[in-house]
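S.K.: If you scroll down you'll find the structure; I have some questions about it.
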Amino acid sequence: MATVEERVWTMGDYIEESPRVARENLARADELTAPLIACCDGGVPTRIRLVASGSSYNACQCALPFMESCLPDVQIRVVTPHRFAYYEPAVAAGELVAVVTQSGLSTNALEALDAIRAQDRRAICLTGNVDSDAREHADVVVDWGVGVELVGYVTKGVTTLALFLMMFAAKLGAHEDRLGELSGAIDAADAVRAATYGFFERNEKALLSMAVSYCVAPFGARGVALEGALKIGETVHVPSPAYEVEEFIHGPNLQLTPGYTLFFFDAGDAAGERTRLVYRAAREVSDAAFLVTTDASFAGDPHVLVAPELPSWELASLAYLPFVQLVAHLASSALGSSKQHPLLKRFKAIAAAKTESFVNYDGDE
């Protein structure tokens, strides 16, 4: 029988596993969040900084709207480890700083932890691997409950991290009644996951012809737009930026041709009407413009995935994550595009992003 390490896992396997793991994690919210809540020393911080990069940064952005609604009097910021370590490392009294690294092996995250320790402050690390190198750099190591994820293009880790941060904010802010909303968002995400296969099949030719891809969203869905742009860039290997809706039409849209692919994410918030309007405008230029929304009036449009109604707009990114994950996975799998250029080995030999303990199970080194 094949061991976990011997089996060839794919992004798709972890996307399929995510709803089950999310539901299990929600059921043990107390257990998972208790170590981080303990770091708040019996109170609510005046400021929270989440220090993260890549997909972990995007997961924090997915969680941010819900976190802010549960902790309205707390300033919550998401910054990269590079910005933290080089430009704003000072940890203030009453501030909670948590460095996030799923692998526990990201060199920039470890540098940020070292910068905190250099101030004689408590270095807190949120990770998916408590036995990683992060243990040597952190005073507190918190497992957010992702479990095993052997594919470098992480998906389950993004979903579980966003959920963990939302559970933490709900409990810290004494809004445990809102945990039911998280359950509803997980159900919506599972429905989006199931519907994305049909969406991809309907639009297969366009999605296998991406040359430049834009992900566009209002603040309520910014996290999923960022993650969609990252995943498509990582796996399909095409230029793939993310833009806020109004910023998109103040310059980036001037590049548009019928050869561009665009994904719009409607959070169903106050900016929803404007988001849908800009989507319609984009379709006047490109037939490869797509929309994810909860607006049932778009039912029947093959270019639109209509998601179930959400418990609140702050949960749009969590609910829509499977869409961007699966589009990237299905497109890159069909194209065979996820393997990196062989010259990237030379790049990594000079500027590594992971410690020497990192094992690449993708076989892509």
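The values are calculated or read from the model by the stated rules, or taken from the named source; none is laboratory data. In this text, all values refer to a predicted model and were calculated from it rather than measured experimentally. With ideal geometry, Cβ positions are generated from the backbone for all residues, glycine too; neighbour counts draw on all protein chains shown. Keep in mind that these areas ignore ligands, DNA and RNA; they rest on the heavy atoms of the full protein, side chains included. Shrake-Rupley method; radii C 1.70, N 1.55, O 1.52, S 1.80 Å.
S.K.: Rounded to the nearest 0.05, what FRET efficiency do ALA270 and THR10 have when you use their Cβ-Cβ distance and R0 = 30 Å?
M.R.: Values: r = 38 Å, r/R0 = 1.27.
According to the calculation, E is roughly 0.20.
S.K.: Let me ask something else about it. Calculate the all-directions average of the projected area of segment 300-353's alpha-carbon convex hull, and give it in nm².
M.R.: Directional mean of the projected Cα hull area for segment 300-353 stands at 6.4 nm².
S.K.: Please give the length that would be gained between ASP287 and ASP139 if that part of the chain were fully extended, namely 0.36 nm times their separation in residues minus their C-alpha to C-alpha distance (nm, one decimal). Walk me through the numbers on the way to the answer.
M.R.: Details: separation 148, 0.36 × 148 = 53.28 nm, distance 5.21 nm.
My answer for the length gained is 48.1 nm.
S.K.: Same structure, new question: State which stretch of the chain is the longest one without any exposed trypsin sites (Lys or Arg not before Pro), exposure meaning a DSSP loop state and at most 12 other Cβ atoms within 10 Å. Intermediate results must be reported in sequence, preceding the final value.
M.R.: Numbers: sites that count: ARG7, ARG28.
The answer is 29-365.
S.K.: While we're looking at this one, here's another question. How far is it, in nm, from the label point at GLU68 to the one at THR257 when both lie 7 Å from their Cα along the line to the Cβ?
M.R.: 3.7
S.K.: Taking the chain as a Gaussian network, Cα atoms linked when under 10 Å apart, which of ALA353, ALA288, ALA242 shows the biggest mean-square fluctuation?
M.R.: Residue with maximal mean-square fluctuation among ALA353, ALA288, ALA242: ALA353.
S.K.: How large is the dipole of segment 126-255 about the Cα centre if only Lys and Arg carry +1 and Asp and Glu carry -1, each at its Cβ, rounded to the nearest 20 debye? Could the numbers behind the result be given before it?
M.R.: Numbers: 9 positive and 18 negative charges, 79 e Å.
The dipole of segment 126-255 has a size of about 380 debye.
S.K.: Continuing with the same structure: What net charge is computed for the residues neighbouring CYS70, neighbours being all others with C-beta under 14 Å from the C-beta of CYS70, Lys and Arg scored +1, Asp and Glu -1? Mind dumping the intermediate values first?
M.R.: Numbers: positive: LYS171, ARG178; negative: GLU68, ASP73, GLU176, ASP177, GLU181, GLU314.
In short, -4.
S.K.: Sticking with this structure for a sec: If I histogram all Cα-Cα distances within segment 186-280 using bins 5 Å wide from 0, what percent of pairs lands in each bin?
M.R.: Taking every Cα pair in segment 186-280, the percentages come to 3, 13, 21, 25, 24, 12, 3, 0.
S.K.: Okay, moving on. Between ILE350 and ASP114, what is 0.36 nm times their sequence separation minus the Cα-Cα distance? Round to one decimal in nm. Could the numbers behind the result be given before it?
M.R.: Details: separation 236, 0.36 × 236 = 84.96 nm, distance 2.17 nm.
Gain on stretching ILE350 to ASP114: 82.8 nm.
S.K.: Now, a different point. Using amide H atoms built in the peptide plane, which far-off residues or other-chain residues are under 5 Å from LEU262 H to H?
M.R.: Excluding prolines and chain starts, which carry no amide H, the hits are TYR214, ALA289, PHE290.
S.K.: Still on this structure, please answer the following. Per the Debye formula with a single identical scatterer at each Cα and no solvent contribution, what log10 I(q)/I(0) holds for segment 1-153 at q = 0.13, 0.14, 0.15, 0.20 Å⁻¹?
M.R.: Taken in order of the listed q values, log10 I(q)/I(0) reads -0.62, -0.72, -0.82, -1.41.
S.K.: How much length is gained on full extension from ARG23 to LEU179, taking 0.36 nm per residue of separation minus their Cα-Cα distance?
M.R.: On the way: separation 156, 0.36 × 156 = 56.16 nm, distance 1.11 nm.
Contour length minus the Cα-Cα distance gives 55.0 nm.
S.K.: For segment 71-210, go through all pairs of different Cα atoms, get the mean of 1/r, take its inverse, and jot down that Kirkwood value in Å.
M.R.: 17.3 Å is the Kirkwood radius here.
S.K.: Using the alpha carbon gyration tensor of segment 252-365, what are the three equivalent-ellipsoid semi-axes (square root of 5 times each eigenvalue), largest first, in whole Å? Please list the in-between numbers first.
M.R.: Working: eigenvalues 238, 71, 39 Å².
Working through the eigenvalues yields semi-axes of 34, 19, 14 Å.
S.K.: Relative contact order (percent) for segment 204-319, with alpha-carbon contacts under 8 angstrom and 6 or more residues of separation?
M.R.: Working: 205 pairs, mean separation 32.1, N = 116.
Computed over segment 204-319, the figure is 28 percent.
S.K.: Rounded to the nearest whole Å³, what is the per residue volume of the convex hull around the Cα atoms of the chain?
M.R.: Working: hull volume 52.6 nm³, N = 365.
Each residue corresponds to 144 Å³ of Cα convex hull volume.
S.K.: Moving on. How long are the semi-axes of the equivalent ellipsoid of segment 98-164, taking √(5λ) for every eigenvalue λ of the Cα gyration tensor, in whole Å from largest down?
M.R.: Numbers: eigenvalues 91, 25, 18 Å².
Listed largest to smallest, the semi-axes of segment 98-164 are 21, 11, 9 Å.
S.K.: Next question, about the same structure. Please report the spacing between the Cα centers of segment 143-212 and segment 224-274 in Å, no decimals.
M.R.: 18
S.K.: Excluding ligands, DNA and RNA, what is the solvent-accessible area per residue of segment 1-148 at a probe of 1.4 Å, expressed in Å²? Walk me through the numbers before you get to the answer.
M.R.: On the way: 6420 Å² over 148 residues.
Here the per-residue accessible area is 43 Å².
S.K.: Take the solvent-accessible surface of the protein heavy atoms, probe 1.4 Å, and return the percent of it on the chain that carbon and sulfur atoms account for.
M.R.: Working: 8180 of 15450 Å².
Here carbon and sulfur together make up 53 percent of the probe-accessible area.
S.K.: Count the lysine pairs in the chain whose Cα atoms lie under 20 Å apart, taking only pairs 8 or more positions apart in sequence or on different chains.
M.R.: 9
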